[in-house]
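K.L.:
There's a structure below that I have some questions on.
The values are calculated or read from the model by the stated rules, or taken from the named source; none is laboratory data. Being a predicted model, the structure only gives us computed values, none of them experimental. Because the Cβ atoms are built from the backbone with ideal geometry, glycine has one as well, and the counts that use them run over all protein chains shown. Accessible surface is based on the protein model in full, side chains and every heavy atom, while ligands, DNA and RNA are left aside. Shrake-Rupley method; radii C 1.70, N 1.55, O 1.52, S 1.80 Å.
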Amino acid sequence: MTGPAATIEAQAKLNLYLRVLTREESGYHSIETIFHRIELADQITLHVEEDTLRAIDVQGAAVGAAESNLAYRAAVAYQLEAEWPRGFTIELDKRIPVGSGLGGGSADAAAVLRILDSLARNPLGQTKLLAIAASLGSDVPFLVSPEVMALAWGRGERMIGLTPLPPRDVLLVTPEFQVATPDAYAWLDEDRPSDGDPTRYSSSDLLLITEEMLASWGSIAKLSRNDLIEPVQARHPEVRGLLDALKETGSFICSMTGAGSTLFGIYDVLPDAAALTEFSGATTKRTRTAEKVVQPIRIG
Ligand code: C5P
């Protein structure tokens with residue numbers, strides 16, 4: 001028998017700024033990043049089951065076994081912590097490109113946690129949700145948080161929420177190749193000078209981020225960088241051409257999100273369709289930066 005249910009648009013994210021610092025002993029890298037949600041979202045519905053059925057139905061993308069799906073794993077992790085629900089059915093409509101750096105899998109996992117907490121008689125609350133989120137992946141804590149935009153550090157699980165910037169048009173350019181996140185970080189390690197201490201970073205990396213630097217699109221544009229672009233571009237030279245083409249279209253920020261492969265431009269005025277023909281060999285999608293965090297809607 002089916003219990004309560006809710007649905008949500010699981011918003012994707014962009015990294016407007018991503019600096020990779022030292023490699024920890026665990027193999028993870030310390031990062032500093034600015035996350036911003038975008039309107040592009042997967043549609044996810046979760047039905048609580050009164051029996052022990054656990055199921056996931058994915059449309060829109062070829063994905064692997066249910067048990068390895070991050071949304072399914074999020075429901076299991078919630079169940080372990082809350083001892084509820086007994087079972088669940090997840091319906092997932094994938095619209096966020098997979099393996100693209102837009103945080104699609106993480107958004108789905110965060111959506112499941114937020115839906116379950118909204119349906120629970122005894123919600124776990126934000127702190128416990130963040131802890132479960134961090135155990136699932138580095139991008140999940142931001143996407144489970146109530147923030148549209150945040151400055152994050154650690155592995156990305158420590159955050160300061162920022163005042164969201166006014167919505168802007170975004171063009172996403174997704175090349176044909178995908179990048180596995182561990183590969184991008186391993187390439188970065190490989191390419192960093194190995195003279196002595198591999199964990200050092202240079203004095204040119206020292207930085208003071210002020211409130212003003214985070215308060216407008218103009219100042220964010222000055223800060224914008226992604227340390228994973230170079231290692232990804234070295235293995236996939238077509239990235240340079242695509243980034244150059246994006247710049248030509250008049251974007252005031254043009255970068256790669258996460259470990260890629262999706263590149264993005266942010267615009268005051270989105271170019272017309274003719275200007276987008278430059279991106280042959282890649283798929284383009286228009287979206288906007290989000291103004292709000294979408295909330296779960298109860299449907300049963
Ligand atoms: O946390 P997530 O599942 O996204 O990470 C996937 C892999 O990417 C990690 O196992 C690690 O190899 C690499 N990674 C990293 N440093 C980070 C985030 C990810 O080295 N801050």
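K.L.:
Could you look through segment 79-123, keep only residues that are of a type in the set (Val, Ile, Thr) and part of a helix (DSSP H, G or I), and pick out the one that is farthest from the chain's Cα centre (by Cα)?
P.N.:
Taking segment 79-123 and keeping what is of a type in the set (Val, Ile, Thr), we get 89-90, 96, 98, 112, 115.
Among the residues that remain, those that are also part of a helix (DSSP H, G or I) are: 112, 115.
On the way: Val112: 15, Ile115: 18 Å.
Per the criteria, the residue is Ile115.
K.L.:
Please go through segment 138-154 and pick out each residue that is within 14 Å of the ligand (Cβ to nearest atom) and either at positive phi or of a type in the set (A, V, I, L, M) (or both).
P.N.:
Answer for segment 138-154, where residues must be within 14 Å of the ligand (Cβ to nearest atom) and either at positive phi or of a type in the set (A, V, I, L, M) (or both): Val140, Leu143, Val144, Ala152, Gly154.
K.L.:
Pairs under 6 Å by beta carbon, first residue open to solvent by 10 Å² or more (accessible area, probe 1.4 Å) and of a type in the set (Asp, Glu) in segment 139-167, partner within 12 Å of the ligand (Cβ to nearest atom) and assigned to a helix (DSSP H, G or I), six or more apart or different chains?
P.N.:
Short answer, once both residue conditions are applied: Asp139/Ser106; Glu157/Ala134; Glu157/Pro141.
K.L.:
Next up: Within segment 254-271, is even one residue among the charged types (D, E, K, R) and either modelled with pLDDT of 95 or more or not in a helix (DSSP H, G or I) (or both)?
P.N.:
Yes, segment 254-271 contains a residue that is among the charged types (D, E, K, R) and either modelled with pLDDT of 95 or more or not in a helix (DSSP H, G or I) (or both).
K.L.:
Let me ask something else about it. When segment 239-279 is examined, which residues are found to be under 23 Å from the mean Cα position of the chain (by Cα), open to solvent by 10 Å² or more (accessible area, probe 1.4 Å) and either of a type in the set (Val, Ile, Thr) or more than 21 Å from Leu223 (Cβ to Cβ) (or both)?
P.N.:
Across segment 239-279, the qualifying residues are Arg240, Leu242, Leu270.
K.L.:
Among Arg73, Arg54, which is among the basic types (Lys, Arg), away from the ligand (no atom under 16 Å from the Cβ), open to solvent by 40 Å² or more (accessible area, probe 1.4 Å) and in contact (Cβ under 8 Å) with a residue 24 or more places away in the chain? Working first, answer last.
P.N.:
Working: Arg73 fails: away from the ligand (no atom under 16 Å from the Cβ).
That would be Arg54, the only listed residue that is among the basic types (Lys, Arg), away from the ligand (no atom under 16 Å from the Cβ), open to solvent by 40 Å² or more (accessible area, probe 1.4 Å) and in contact (Cβ under 8 Å) with a residue 24 or more places away in the chain.
K.L.:
Are any residues in segment 26-45 assigned to a strand (DSSP E or B) and either among the aromatic types (Phe, Trp, Tyr) or open to solvent by less than 10 Å² (accessible area, probe 1.4 Å) (or both), and if so, which ones?
P.N.:
Matches in segment 26-45: Thr33, Ile34, Phe35, His36, Arg37, Ile38, Ala41, Asp42, Ile44.
K.L.:
State yes or no: is Ala111 within 15 Å of the ligand (Cβ to nearest atom), in contact with a helix residue (DSSP H, G or I) (Cβ under 8 Å, 6 or more places away or on another chain), of a type in the set (Gly, Ala, Ser) and open to solvent by less than 10 Å² (accessible area, probe 1.4 Å)?
P.N.:
In short, no.
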